[in-house]
Amino acid sequence: MISDPFLQLFGIALLVFTRIALIFVQAPIFGSDHVNNSVLVGLAASLTVVLYPHIPVPNDMPNDIFPFFGALLTQACVGLVLGYTSFIVIAAAQFGGELLDIQMGLSTAASFDPASHGAINLIRKVKFYTAMNLYLVLGGHHQLFAAIYKSFQVIPVTYFNMSEDLAMKLLRMSSDLIVIGTQIAAPALAALFIAQCALGLLARVAPQMNIFMISFPLNIAIGLVLLRISYPLIMRVMAQQFEINLDSLVQCVEMMMPGR
């Protein structure tokens, strides 16, 4: 039985730590392998200590071990939802880079990247680090901490509301990931599509030419030039999406509020 006051206080701290740790597992920067696991655990524990005096004490704190594990599971779900929501734009940037890598023929030049748990293509890596730097410049990590604080003011540490609106919101964000990634890669993709059509017509007109060999350097050149020209547009799109993502993060917190 968890009836001792000290055990109850420790249980509340453990619930708070679980939510924060699961947010950091997926959140931008913190979820990257560039951050050591011990540092991540220490940061989650430090944030737990800082937030603990501001956490509303629940009236329905579990007094048995099995209901307490159920409460831990609910906090893990809350952390995963908030972490996933905060990572949508970074994932969209990586998806856009992956599209360009495939179209430019750079997929064979994949290299190991510790932030992505394995091999990663070149343009995808560029888009990933661009999005991460923009996230820091725009203060996304500060906004994430503010969202974490608000989540504890709105969502109890023992349960949350899993509504149909929240499920549909997560599905829409997952589909928006593909849309945003395509928007980020659209200028270079359009130019590469036109180049492929032109090369196809050239192959029909002059079949003696080795179009296959010409297409490799041409695709890379066109892709890099259009990528450079469209970079201001890409930065603007990602900045707008980070602002929209912050609103989505706040909406997810409100949707998990009990009695909503």
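Shown for V225, V78: other C-beta atoms within 10 Å of each C-beta, ranked fewest to most, produce the order V225, V78. Here the Karplus relation 6.51 cos²θ - 1.76 cosθ + 1.60, evaluated at θ = phi - 60°, turns the backbone of the range 231-245 into coupling constants of 4, x, 5, 4, 4, 5, 4, 5, 5, 5, 5, 5, 5, 5, 5 Hz, with x for every Gly and Pro. Here are several values of Rg and Dmax of the Cα atoms in Å: [x] 23.0, 86; [y] 17.1, 53; [z] 18.6, 61. Which one was derived from the coordinates shown? After the calculation, the listed value that fits is [x].
If R0 is taken as 25 Å, the Cβ-Cβ distance between L138 and I214 corresponds to a FRET efficiency of 0.05. Across the range 218-230, coupling constants 3J(HN,Hα) worked out from phi with the 6.51/-1.76/1.60 Karplus curve, θ = phi - 60°, read 5, 4, 5, 5, 4, x, 5, 5, 5, 5, 5, 5, 8 Hz, and Gly and Pro carry x.
If the only charges are +1 at each Lys and Arg Cβ and -1 at each Asp and Glu Cβ, what is the size of the charge dipole of the chain around the Cα centre, to the nearest 20 debye?
On the way: 11 positive and 13 negative charges, 159 e Å.
The dipole magnitude comes to about 760 debye.
In plain terms, the chain from M235 to L9 could stretch by 76.8 nm, reckoned as 0.36 nm per residue minus the Cα-Cα distance. Each label point was placed 7 Å from the Cα along the Cα-to-Cβ direction; for A190 and Y129 their separation is 2.9 nm. Modelled this way, with points 7 Å down the Cα-to-C-beta line, the labels at Q251 and H54 are 2.5 nm from one another.
Positive-end ranking of F128, L100, P207 along the dipole of the range 5-255, with charges on Cβ about the Cα centre, is headed by P207.
Pairs of Cα atoms under 8 Å, at least six residues apart: use those to get the relative contact order of the chain, whole percent. Before the final figure, lay out the partial values.
Details: 297 pairs, mean separation 67.1, N = 260.
Value for the chain: 26 percent.
Placing a pseudo-label 7 Å from each Cα along the Cα-to-Cβ vector at L80 and S163 gives an inter-label distance of 2.2 nm. Remark: the range 82-92, residue by residue, has Karplus-estimated 3J(HN,Hα) of 5, x, 5, 4, 5, 9, 4, 5, 4, 5, 5 Hz, where x stands for each Gly or Pro and the curve is 6.51 cos²θ - 1.76 cosθ + 1.60 at θ = phi - 60°.
Where a number appears in this text, it was derived from the coordinates with a stated rule and is not lab data. As the structure is a prediction and not an experimental result, all values here were calculated from the model. Ideal geometry is used to build each Cβ from the backbone, glycine not excepted, and the neighbour counts take in all protein chains shown.
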